[in-house]
Amino acid sequence: MDGWHEVTRFFGVNSPINMPNVTPPAATQILFDDSEELIWISNSTGHISSFSDLGIAPYTKFRAHETAVIQMLNHQKGILSLSNDSLSLTSRTGVPIYRMPLSGLSCMAYTSNTQNELLVGGSKGELIKVDTNKGIVTNTIPYEHSAILMAYGAKQIVIGKIDGSIDVFDLRQSTVIKTFAAHSGLLSTIHCKDNILLSCGFTKRQDKFLADPLVNVYDIRSLRPLAPIPFPPGAFQVRLHPTLPSAAIIASQTGQIHVVDIYNSANVQLYHAQMAAFGSSLEVAPSGNAFALMDGFQEIIVWGRGEDPPKTVLFANPLVYPSMEHDTQPTAISIDKDDDPLNGVKLPYYSDTLLSAWPIHAKFTLGAMPEKIDPEILHSSKRVQQFLVAPYDHDKFGKRNVSTKFQAIKKLTKNGVKVPKFISERATLETENSKSETLKNQTSMFEYTSRTNNVPNCFSKVEILYSKFGVDDFDFDFYNVTKYAGLETNVSNSYCNPLLQVYRFDPLLFNFAVSSLSQEALESDLLLSELGYLFDMLVKANGKHCCAANFQRLMCLLPEVKKLGLLDDDGRIKDSYGQRRLIQAFNKYLLIRLSTDEKTQRNLQVSSNLDSIMGIYVETIVSSVFCNARERTMDVMHSFDIASLSTNATNHKTIGNSVLTCMETCMNRHVQQQIACSVCGRQHLVEVVTSVAKLPPLLSLNLNLNDEELNELRDTKGWLPSEFYFAKNQGRGFFSPTNDNNIPADHFELVAYVAQITSKEGLNHLVSLIRIDDAPTEMKWHLFNDFLVMPLPESEVMNFSSWWKRPIIAVYRNTAISVPFAFDIFKRNLNDSILYRDHFAEGTRKSRTIEYELLTKEEAPTPGTLVAIDAEFVQLAPAQYEFKSDGKSSLVCPRKLSLARVSVIRGEDGPKYGVPFIDDYISTTVAIDDYLTSYSGIEPGDLDSAVSTKSLVDLRTAYRKLWLLLNMGCVFVGHGLKSDFRTINIQVPQEQVRDTINMFYLKKEKRVLSLKFLVYILLNERVQTGNHDSIEDARSALLLYRKYLDLEARGELQIALNKIYSEGQYTRFKVPEQ
């Protein structure tokens, strides 16, 4: 037993560097591995670390629990660890094998030497048997005491209790066969080997708990105490030696160590370990040649005997390390000589071994945390004992344990519908058969029923695909056969699209938003104005797709939007609950912001127009019977939350057969609460009665029903009524689906709702279903699934029994109020003064360069006025590509452009023909990725108001000028206007566009011609010799248009086109150098 000495010491937990105020985690236990040369250390944050070479080299580290690790045990598959709320088994390389959620745990021990079964105890009044190989609970045994320590003997389990006593528990009889009164205070440790049990604890002396100077010894086979072992310093930790049959190692909190014979206490070796703080743990290696102490400063002190360094395991398995045995880096190639071929250089050149060249045994799969459980499942779950149990949705997932037929990936299509070809591909391969196939696919896409219980095709999520020609090559027309425009998804916060469509098709809100455009809003960021521009654009699109880019751009810049968490830049909302809360929060914010913007624009104290359209007047009466205090207030809100269903006294939800029951409960509340009265100055109860005094013509409801509530309502026909009546009686509002008594009541009809669509894979997206009364077809209801738009029968719209469809926002309209759409309402008192004056951005230098001459009132545009336009753009973000293993690439996201300069010149004959009247540079504060100077002519600093000499304006100022020209009936001439208008985010009807890129185009050639080449061939002039200039390009487009009119009038257009393409073949459609 002699010859012990200190071998090494190291810190088990590293303190954060340069973070003195951060408390490091505390180490909780040390453990020697029984199969590999490792020391394991657990800490208070749930992490477990291992060290090889007696603590010198870190080996693995992983998080096994969310809370502190209480105990660790060796297992043949890895390390078993216990925390207060879970039991985990993790491999020695850090891969989690299983984690069992339990509660109230404090100790564990094996029930045999095979390590196949574990007994876990704690404060819950029971002992739990666990199959360690499968990670399941096999049995629970009643045990009325709280177990704090546990150890395994020859055939019994020894359990230490909180009162200092020890129970000997017989596993075969599942009962306590003997209790030893070991210590008068708490137990500090127990340790058992074969039939011998040792215990240390505390004794109460002079109202203090001190370490007991005796180590108790018991024979658990004969169930009797043996002679204790004296330890004057006060025993804190004790361990029986694993190989010497009668030796024990005892340690105090101050570092005194005795190695003693338990049958002859006089045979003892004394040692002392230098410790900076009180000791907290002792562990002996399985070989018996080393032990380790841990003090309060997390320092691990390793002692050993025999060979140096001592072996902790007699026959240890070799540690598994990832290794790179094959050096695969290429040899360097010299290219110093002139005759060395450059194709011998392997690019990219690298000096380190690539990850792809690592040997297979150096790669292994790490364990991953389980996926986050859908909040809807948690909300609808119930606790059964210690488990959460959620109901199985048969409608969604079908019958259990049914195998699915194998289907090859290459044969799969999107819900049975082949994705339409790009426009460029369709034009090349279009035949009668392909037209028939396209029509067949289109019919399949618009199917609103499903035979396989999946989400129908038209309700499935639609995505934009990109070819090498970008978004313009995507066939949006395939998804829309109506005259109503859809909204694209390739924009931030596209989750807003369904709600924007809902409000666009209500004439009251549409007229309110569009009428705001009659006034200027150049000084403030008004979401109301952007909404008006968006609604006007959707009307002018006449069934073509639109993008809410400018609306979302402003929304992303508003600071309160970020604070409210309404931004969704990547479009990856994780769960249905989060998506539902997001769109409902946006609904409330949007209406509040529109009210604020109206007051700002018109200098009003209250939002008179929006309040008269969507204002819900809520009356609150606070009264007291103690002091006769009474206060009455009236508030206005623009949307109402149906937050939860009413509950009765037994806390069971009473849903009723309609959401009207919930509406009546939410809109009529009567509560009592304790307040400090401002009248009498005392604390007493008051009654608070809240009721809806008046419903608006347009009622917006946020339906916040969880899965359990929705499942109960789903089979009830008409739970979301298509109409209802609202009446007031004695200050209380009543809702009814009918009005059989013909009492005075307001009649409301459902005109739209936003629905959440959930696939079987758990993917969610939003759609809107809207009733359009002036629709040209018999079916008035329409589905708006982003850019997919189609009519739907009312029976399908009002069918809420499907598992995949959940209404989350419903909009009702008072039938007594009928207002038509006023698409040109903004023309009343239209303020167009911005066309005749300058409005520079704040901070623009006085020494700015002016290259235009403003319009005069005498030159005011009229319908048909010809103007030429050209715009330049800068790049905010580059295009994103996906590269495949075969070297092919596909466009994932096109580059993001922003308007940088726009020039408009006069096109009518007269003294000022060709003179620009708009030449605006757009001031920007966002980061610019690429100025595209060779194409745009924009230099760095041109758009910065601090250094630029250009005529800088805000984007809203430049946009309003173009929008005014559009609505005054101007005809725009330019080259490639489709892409320009798309980036500017404005919809110009085709009859107001004269695009020279289409005028000089032969379909059979399948090639569009550049402005530079056309000007050279047709006008014999050279343009764009340096950087591009938008004034020069607009003037060139105007000259080309006049040339087109001349050729067409003389009947020579076709001849000229053939000549242009013929000459282009020789010059490769490039202008020859001078």
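Run down the aspartates and glutamates and flag those whose C-alpha is under 12 Å from the C-alpha of Lys896, throwing out any fewer than 8 positions away in its chain.
The reachable aspartates and glutamates, counting only those whose Cα sits under 12 Å from Lys896, are Asp929, Asp930.
State, to one decimal in nm, how far the label point of Glu842 lies from the label point of Ala676, with both points 7 Å from Cα in the Cβ direction.
Result: 4.1 nm between the two label points.
By its C-alpha gyration tensor, with a ≥ b ≥ c as the square roots of the eigenvalues, how is the range 673-762 shaped: rounded for a/c under 1.5, else prolate for a/b larger than b/c, else oblate?
Cα axes put the range 673-762 in the oblate bin.
Calculate how many DSSP beta bridges within the range 832-1067 are antiparallel, expressed in % of all such bridges and rounded to the nearest 5.
That works out to approximately 70 percent antiparallel.
Beta carbons within 10 angstrom, averaged per residue: use that to sort the peptides 46-58, 157-169, highest first.
Ranked by mean Cβ neighbours within 10 Å, highest first: 157-169, 46-58.
Remind me, relative contact order of the range 832-1067 in percent, using alpha carbon pairs under 8 angstrom and six or more residues apart?
23 percent
Filter the DSSP H helices in the chain by two things, a Kyte-Doolittle mean of at least -0.5 and an axial alpha-carbon span of 27 angstrom or more, and list the hits by number.
Counting only whole DSSP H runs, the qualifying helices are 1030-1050.
With labels modelled as points extended 7 Å from the Cα through the Cβ direction, what inter-label distance (nm, one decimal) is found for Ala26 paired with Thr243?
Going from the Ala26 label point to the Thr243 one covers 3.5 nm.
Tell me, what HN-Hα J-couplings in whole Hz come from the Karplus equation 6.51 cos²θ - 1.76 cosθ + 1.60 at θ = phi - 60° for each residue of the range 223-232, using x for Gly and Pro?
Calculated HN-Hα couplings, in order: 6, 9, x, 10, 5, x, 9, x, 8, x Hz.
Relative contact order of the chain, please, whole-number percent, based on alpha carbon pairs below 8 angstrom and at least 6 residues apart.
6 percent
Within the set Lys540/Lys1003; Lys461/Lys1012; Lys540/Lys717; Lys461/Lys588; Lys483/Lys562; Lys461/Lys884, which residue pairs have Cα atoms separated by over 31 Å?
Beyond 31 Å: Lys461/Lys1012; Lys540/Lys717; Lys483/Lys562.
Tally up the carbon and sulfur contribution to the accessible surface of the range 832-1067 as a whole percent, 1.4 Å probe, everything protein left in place.
That share works out to 49 percent.
For the chain, what is the accessible area per residue in Å² when the probe is 1.4 Å?
50 Å²
What ranking, highest mean first, results for peptides 907-918, 1062-1073 when packing means the other Cβ atoms within 10 Å averaged over each residue?
Packing order, densest peptide first, comes out as 907-918, 1062-1073.
For the range 203-220, take each phi angle, set θ = phi - 60°, evaluate the Karplus expression 6.51 cos²θ - 1.76 cosθ + 1.60, and give the result in whole Hz per residue in order, putting x for glycine and proline.
Per-residue couplings from phi come out as 10, 8, 9, 6, 6, 10, 9, 10, 4, 5, x, 10, 9, 6, 10, 9, 9, 7 Hz.
Tell me the carbon and sulfur percent of the accessible area for the range 99-172, rounded to whole percent, probe radius 1.4 Å.
49 percent
Which of Lys77/Lys134; Lys1004/Lys1059; Lys563/Lys760 have a Cα-Cα distance over 21 Å?
Lys563/Lys760
Quick check on the range 1-111: take the gyration tensor over C-alpha atoms, sort the square-rooted eigenvalues as a ≥ b ≥ c, and tell me if it's rounded (a/c under 1.5), prolate or oblate.
It comes out oblate by the Cα gyration axes.
Can you tally the net charge around Gly46? Count Lys and Arg as +1, Asp and Glu as -1, for every other residue whose Cβ sits under 15 Å from the Cβ of Gly46.
The answer is +1.
Report, to the nearest whole %, how much of the accessible area of the range 503-622 belongs to carbon and sulfur atoms, 1.4 Å probe, protein only.
The value for the range 503-622 is 50 percent carbon and sulfur by accessible area.
Starting with the highest mean, order 924-936, 714-726 by the number of other Cβ atoms within 10 Å, averaged over the residues of each peptide.
The most tightly packed comes first, giving 714-726, 924-936.
For a quick check: with amide H placed at 1.01 Å from N, whose amide H comes under 5 Å from Ile809's, ignoring anything fewer than 5 positions away on the same chain?
Leu703, Val754
Taking amide H atoms as placed 1.01 Å from N in the peptide plane, list the residues 5 or more away in sequence, or in a different chain, whose amide H sits under 5 Å from that of Cys107.
Amide H to amide H, under 5 Å and 5 or more residues apart or across chains, Cys107 pairs with Gly121.
For the chain, what is the mean residue ellipticity at 222 nm derived from helices alone (per DSSP H run of n ≥ 4: -39500 (n - 2.57); sum divided by total residues; nearest 500 deg cm²/dmol)?
Result for the chain: -5500 deg cm²/dmol, rounded to the nearest 500.
Diagonalise the Cα gyration tensor of the chain and give the resulting equivalent ellipsoid semi-axes, square root of 5 times each eigenvalue, largest first, whole Å.
72, 43, 29
Net charge around Gln756, counting only other residues with Cβ within less than 10 Å of its Cβ (Lys, Arg = +1; Asp, Glu = -1)?
+3
Considering amide H positions built from the backbone, and no H for Pro or chain starts, which residues 5 or more places from Val7, or on another chain, come under 5 Å of its amide H?
Placed amide hydrogens put Val302, Trp303, Gly304 under 5 Å from Val7.
Report for the chain the percent antiparallel among DSSP-assigned beta bridges with both residues inside it, nearest 5.
The answer is about 95 percent antiparallel.
Assign one of three labels to the range 832-1067, namely rounded, prolate or oblate, based on the Cα gyration tensor with a ≥ b ≥ c the square roots of its eigenvalues; rounded applies when a/c is under 1.5, prolate when it is not and a/b is larger than b/c, and oblate otherwise.
Oblate, because a/c is 1.5 or more while a/b does not exceed b/c.
Step through the residues of the range 817-824 one at a time and calculate ³J(HN,Hα) from phi using the Karplus curve (6.51 cos²θ - 1.76 cosθ + 1.60, θ = phi - 60°), rounding each to whole Hz and writing x for Gly and Pro.
10, 10, 10, x, 5, 10, 5, 10
For Tyr143, what is the net charge nearby, where nearby means another residue's Cβ is under 12 Å from its Cβ and Lys, Arg count +1, Asp, Glu -1?
0
The values are calculated or read from the model by the stated rules, or taken from the named source; none is laboratory data. Keep in mind it's a predicted model, so treat the numbers as computed, not measured. Positions of Cβ are generated from backbone atoms using ideal geometry, with glycine treated the same way; all protein chains shown enter the neighbour counts. When the accessible area is computed, the model is the full protein with side chains, heavy atoms only, and any ligands, DNA or RNA have been set aside. Shrake-Rupley method; radii C 1.70, N 1.55, O 1.52, S 1.80 Å.
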